[in-house]
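> What follows is a structure written as structure tokens; I'll ask about it next.
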Amino acid sequence: MTDPFKSASAYDYPLLIKHLLHTPLANYPDREIVYSNQGRYGYRMFGERIARLANVLKELGVGPGDTVAVMDWDSNRYLECFFAVPMIGAVLHTVNVRLAPEQILYTINHAEDDVLLVHSDFSTIVDSIADRFERPVKLVEIADRGQSSSNLDSAGEFERLMDGVGAVYDFPDFDEHTRATTFYTTGTTGEPKGVYYSHRQLVLHTLGVVAGMAPAVDQGWFRRDDVYMPITPMFHVHGWGVPYVATLMGVKQVYPGRYVPHKLLELIDREKVTFSHCVPTILHMLLNEPLAKEIDLSKWRVIIGGAALPRGLAAAALDRGIDVFSAYGMSETCPFICSAQLEAEVMARDRDEQLDYRCKTGRAAPLVQMRIVDGSMNDVPHDGKTTGEVVVRTPWLTQGYLKDPEKSDELWRGGYLHTGDIGNMDGDGYLKITDRVKDVIKSGGEWISSLMLEDIVSSHQAVGEVAAIGFPDEKWGERPMLIIVLTEDAGKGVDAESIRQHVSGFVESGAVSKWAIPERIVFVDSIAKTSVGKIDKKLLRQRFVRTN
Ligand code: AMP
């Protein structure tokens, strides 16, 4: 319906990424953006560099609808790409640099990249696949400190190209539904699947995160006086979308480059980082670094996502004064779906109860409609026990998989995005993810939550890391198996039997059924991780289930 009162000159403000920049540029022009040990500048310079990058891309022939891919460590340059590429109407493809070269090649061809900005550390990979690019891809080399070190046949080095263009660019308006970003998620089978997000979705997601974090009471906030450092790679769901949030808020930002544990800790210490997010394995790694014992971590707030926060890890973090809590989402959800900030009355309770809440998956974020449903899309009771699949609606969900209508329809069946996660919800809206549909252990008609089992085992003082998987059993269908890495200071007396006894304690208290007591337990030096640092259950199943 047309609006009869609307002025012909009224500005119908489209939700474009460029609009996220107005407030930080106006209000915090000198606030710093830091890149590892390599340099720092203020938001004013950041704005200028976004314009320069837009000019560089234009000179390379990039126009609306073209795709610009990036292979870089977490850096100020990556942040500039987060803005400049979509702001000229092009699509930013954040390449998962931890995939195998063949998979990287697949994603570059599938996304139809036109330009690839590539850090010299990845030049060997690009060299080995470039002859199989299915279309002409212009390369731009990114060399730290501007010193080119590879033989890539590139259009130039990033900083040299930036120096050669102007610092002004008139970013146009266009439809807010224009695709802004794309990246690939690797499932348990098949080729990587492309998800994609529009300007409108990214702007609304940014506002959704701000609105989700702002009402936090005594912990778990993200505010203007914070110092932000991501420890989730920027290629993975736009660093969980938080770089956009940090920029909108104009906070000091620190980009750590390649993740080297003691360097991350040095940066936290030196730059006074107060807010980060990562998967559990990264936090585990950082806490086990000798430097972690020497520096003050008591001002650090850390969101754990991408996998369940094990209780043992949460306890270890709390002991160091870290404000740790969970959030939940996935590649297909931009990713923010829910977070587990504590209510004031929970903060007033004892540490154990606080831990319960910190390790829950969380409560729905603003604008998120989250349901737990059975196989016929009926809601299961919100009793904190009955499990079903988590399905969601929010304005920022991928509308499908790139060029894959069949999988897109499967993802969206019944008009809700199907997460493939199983969970329960209590009467106060707290979700607890109990498993991936594919990881749940089905034993004698009972569903054993692999995450619950891991949580219990992680609370054993000698357990550093643990994965629970099912192995086929003629009688019961499946039985649970544990793969455990012991802590360095674990005593000699720790064996499979002591782990079983520990789990039995939880059977007595009713936390798990007796079927959860694991039959097989193996102790290993390390547990395989996926390209985004999560426990790789697919690989563990291949390794342990086939050979046992
Ligand atoms: P990805 O698309 O790689 O980000 O993986 C998303 C998946 O990670 C989700 O579907 C969940 O299975 C898992 N996940 C993310 N956050 C959590 C969480 N807080 N607790 C349990 N599982 C999680």
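> Tell me, yes or no, whether the stretch 114-125 has at least one residue that is more than 16 Å from MET71 (Cβ to Cβ) and of a type in the set (A, V, I, L, M).
No - not one qualifying residue is present in the stretch 114-125.
> Let me ask another. Check THR386 against each of (1) β-branched (Val, Ile, Thr); (2) more than 15 Å from the ligand (Cβ to nearest atom); (3) under 26 Å from the mean Cα position of the chain (by Cα) and name the one condition it does not meet.
So THR386 meets the others, but not (3).
> Can you tell me which residue is nearest to PRO366 (Cα to Cα) among those in the stretch 394-424 that are away from the ligand (no atom under 12 Å from the Cβ), among the polar types (S, T, N, Q) and assigned to a loop (DSSP other than H, G, I, E, B)?
Among those that are away from the ligand (no atom under 12 Å from the Cβ), among the polar types (S, T, N, Q) and assigned to a loop (DSSP other than H, G, I, E, B), it is THR394.
> Of the numbered conditions (1) at pLDDT 95 or above; (2) within 15 Å of the ligand (Cβ to nearest atom), GLU294 fails exactly one; give the number of that condition.
Exception for GLU294: condition (2).
> Residue by residue through the stretch 89-110, note down the ones that are touching a Phe, Trp or Tyr at 6+ places or on another chain (Cβ under 8 Å) and open to solvent by less than 10 Å² (accessible area, probe 1.4 Å).
Correct list: GLY89, VAL91, LEU92, HIS93, THR94, VAL95, THR107, ILE108.
> Scan the stretch 438-480 residue by residue and report those that are among the hydroxyl-bearing types (Ser, Thr, Tyr), touching a strand residue (DSSP E or B) at 6+ places or on another chain (Cβ under 8 Å) and away from the ligand (no atom under 15 Å from the Cβ). Before you say what the answer is, go through the steps one by one.
Of the residues in the stretch 438-480, the ones among the hydroxyl-bearing types (Ser, Thr, Tyr) are 443, 449-450, 458-459.
Next, only the ones that are touching a strand residue (DSSP E or B) at 6+ places or on another chain (Cβ under 8 Å) stay: 443, 449-450, 458.
Listed by number, the list holds a single entry, SER443.
> Among the residues of the stretch 297-316, write down those that are within 16 Å of the ligand (Cβ to nearest atom) and either within 14 Å of LEU264 (Cα to Cα) or of a type in the set (A, V, I, L, M) (or both).
The answer is VAL302, ILE303, ILE304, ALA307, ALA308, LEU309, LEU313, ALA314.
> Test ILE499 against the stated conditions and say whether it is more than 16 Å from the ligand (Cβ to nearest atom), part of a strand (DSSP E or B) and on the phi < 0 side of the Ramachandran plot.
No.
> Determine whether ARG223 is more than 23 Å from CYS359 (Cβ to Cβ) and not in a helix (DSSP H, G or I).
Here the answer is yes, as ARG223 does meet what is asked.
> From the residues in the stretch 456-483 that are of a type in the set (Asp, Glu) and over 13 Å from GLU519 (Cα atoms), which one is surrounded by the most Cβ atoms within 10 Å (Cβ to Cβ)?
Of everything passing the filter in the stretch 456-483, GLU465 is surrounded by the most Cβ atoms within 10 Å (Cβ to Cβ).
> Give me the pairs, please: first residue somewhere in the stretch 1-25 and in a helix (DSSP H, G or I), second residue anywhere and open to solvent by 100 Å² or more (accessible area, probe 1.4 Å), beta-carbon distance under 8 Å, and either six or more positions apart or on two chains.
Partner pairs satisfying both residue conditions: HIS19/TYR13; LEU25/ARG44.
> Could you check the stretch 425-438 and list, in sequence order, the residues that are farther than 18 Å from SER331 by Cα and in a loop (DSSP other than H, G, I, E, B)? If you could, list the steps in order and put the result at the bottom.
Kept after step one, since they are farther than 18 Å from SER331 by Cα, are these residues of the stretch 425-438: 425-432, 434.
Selection gives ASP426, GLY427, ASP428, GLY429.
> Please go through the stretch 69-88 and give me each residue that is aromatic (Phe, Trp, Tyr), touching a His at 6+ places or on another chain (Cβ under 7 Å) and crowded, with 24+ Cβ neighbours inside 10 Å, ordered by number. Lay out the reasoning, then the answer.
Narrowing the stretch 69-88 to residues aromatic (Phe, Trp, Tyr): 73, 78, 82-83.
With touching a His at 6+ places or on another chain (Cβ under 7 Å) added as a condition, the list becomes 73, 82.
Of everything in the stretch 69-88, just one residue is aromatic (Phe, Trp, Tyr), touching a His at 6+ places or on another chain (Cβ under 7 Å) and crowded, with 24+ Cβ neighbours inside 10 Å, namely PHE82.
> Could you run through the stretch 342-373 and say how many residues are on the phi > 0 side of the Ramachandran plot and open to solvent by less than 40 Å² (accessible area, probe 1.4 Å)?
Residues meeting the conditions: 1.
> Restricting attention to the stretch 172-202, and to residues there that are of a type in the set (D, E, K, R) and assigned to a loop (DSSP other than H, G, I, E, B), which single residue is nearest to the ligand (Cβ to nearest atom)? Even if it seems obvious, please write down each step before you answer.
As a first pass, look at the stretch 172-202 and keep what is of a type in the set (D, E, K, R): 173, 175-176, 179, 191, 193, 200.
Filter again for assigned to a loop (DSSP other than H, G, I, E, B), leaving 173, 175-176, 191.
Details: ASP173: 32, ASP175: 27, GLU176: 25, GLU191: 15 Å.
Residue satisfying both the conditions and the ranking: GLU191.
> Out of curiosity, is ASP352 more than 13 Å from the ligand (Cβ to nearest atom), free of Cβ contacts under 8 Å to residues at least 24 places away in the same chain and not small (Gly, Ala, Ser)?
In short, yes.
> Test GLU176 against the criterion of being more than 23 Å from LEU60 (Cα to Cα) and modelled with pLDDT under 95, and give yes or no.
Spelling it out, it is not the case that GLU176 is more than 23 Å from LEU60 (Cα to Cα) and modelled with pLDDT under 95.
> Also, I was wondering about something else. Hey, among VAL532, VAL494, which residue is over 31 Å from the mean Cα position of the chain (by Cα), part of a loop (DSSP other than H, G, I, E, B) and buried (at least 18 other Cβ atoms within 10 Å of the Cβ)?
VAL494
> So which of SER339, SER331, SER326, SER376 ends up being within 16 Å of the ligand (Cβ to nearest atom), surrounded by fewer than 22 Cβ atoms within 10 Å (Cβ to Cβ) and of a type in the set (Gly, Ala, Ser)?
On the way: SER339 fails: surrounded by fewer than 22 Cβ atoms within 10 Å (Cβ to Cβ); SER326 fails: surrounded by fewer than 22 Cβ atoms within 10 Å (Cβ to Cβ); SER376 fails: within 16 Å of the ligand (Cβ to nearest atom).
After applying the criteria, what remains is SER331.
> If only one of TYR259, TYR244, TYR255 is among the hydroxyl-bearing types (Ser, Thr, Tyr), surrounded by fewer than 20 Cβ atoms within 10 Å (Cβ to Cβ) and at pLDDT 95 or above, which one is it?
After ruling out the rest, the residue left standing is TYR259.
> For the stretch 113-154, enumerate the residues that are assigned to a strand (DSSP E or B) and open to solvent by 90 Å² or more (accessible area, probe 1.4 Å).
We begin by selecting, within the stretch 113-154, every residue assigned to a strand (DSSP E or B); these are 115-119, 138-142.
If the condition is that a residue be assigned to a strand (DSSP E or B) and open to solvent by 90 Å² or more (accessible area, probe 1.4 Å), then LYS138 is the only one that fits.
> Among (1) more than 16 Å from the ligand (Cβ to nearest atom); (2) open to solvent by 10 Å² or more (accessible area, probe 1.4 Å); (3) touching an Asp or Glu at 6+ places or on another chain (Cβ under 6 Å), where does ILE433 come up short?
So the condition that ILE433 fails would be (1).
The values are calculated or read from the model by the stated rules, or taken from the named source; none is laboratory data. Nothing here was measured: the structure is a model prediction, and the numbers come from that model. Note that each Cβ is placed from the backbone with ideal geometry, even for glycine, and that neighbours are counted across all protein chains shown. For the accessible areas, the whole protein counts, side chains as well, though only heavy atoms, and no ligand, DNA or RNA atoms are used. Shrake-Rupley method; radii C 1.70, N 1.55, O 1.52, S 1.80 Å.
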